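**Student:** I'd like to ask you about the structure that follows.
Nothing in this text is a laboratory measurement; each read-out follows from the coordinates by a stated rule. It should be emphasised that the depicted structure is a prediction, and the values quoted were computed from it without experimental measurement. Glycine also receives a Cβ, built like all others from the backbone with ideal geometry; neighbour counts cover every protein chain displayed.
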Amino acid sequence: MLIENDLGEFWDGTALTAGTTASEILDLAQARHQVGVGNELWLWLRTNVAAHFTDETTESYLFAFIVDTAEAMATTPRAVIVIADHDGSAIVTADAESTPLKTAGKTIFAGTLPYNANWRYGKWVAILANGTGTASITLDACLLAGPPPANAADSQIYVSNITVPS
């Protein structure tokens, strides 16, 4: 995934299997230094390969962004973003929140890192519950210096101001 303002990748086409899948751990202090004081860090989580829900009881998903003061993520872990169904339970087929999981390239979450998340390290955690153990969804996630593109057509990869030479 190539994004011009990318500060680091948590996941790049990473497949989820039954249980918990943790992303790469990124140094948020270093990223803040790169973007400068007062600028916000953006998180972007999107579907790379869509989930294939067979029915509501087969697969359910939860996502969380965790921060900690230590790189091992075991000292003072804190979830600052949690993505679940509106009632706090796991996302299943019938939930409105399942829509981005069913379509490749859809954004699951795009937003700034909360101001209270000033811990040093961060990672995404995804839980696939009731799954079969076979990868049913793959994800991309990165840390950005600005908002992600609304869709692929807005990306520099697809749009250019350079004309074709004659």
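**Student:** From the square roots a ≥ b ≥ c of the eigenvalues of the alpha-carbon gyration tensor of segment 38-113, which class results: rounded (a/c under 1.5), prolate (a/b over b/c), or oblate?
**Tutor:** prolate
**Student:** Taking neighbour counts of Cβ atoms within 10 Å as a proxy for exposure, in what order, fewest first, do ARG78, ARG120 appear?
**Tutor:** If I rank by nearby Cβ atoms, fewest first, I get ARG78, ARG120.
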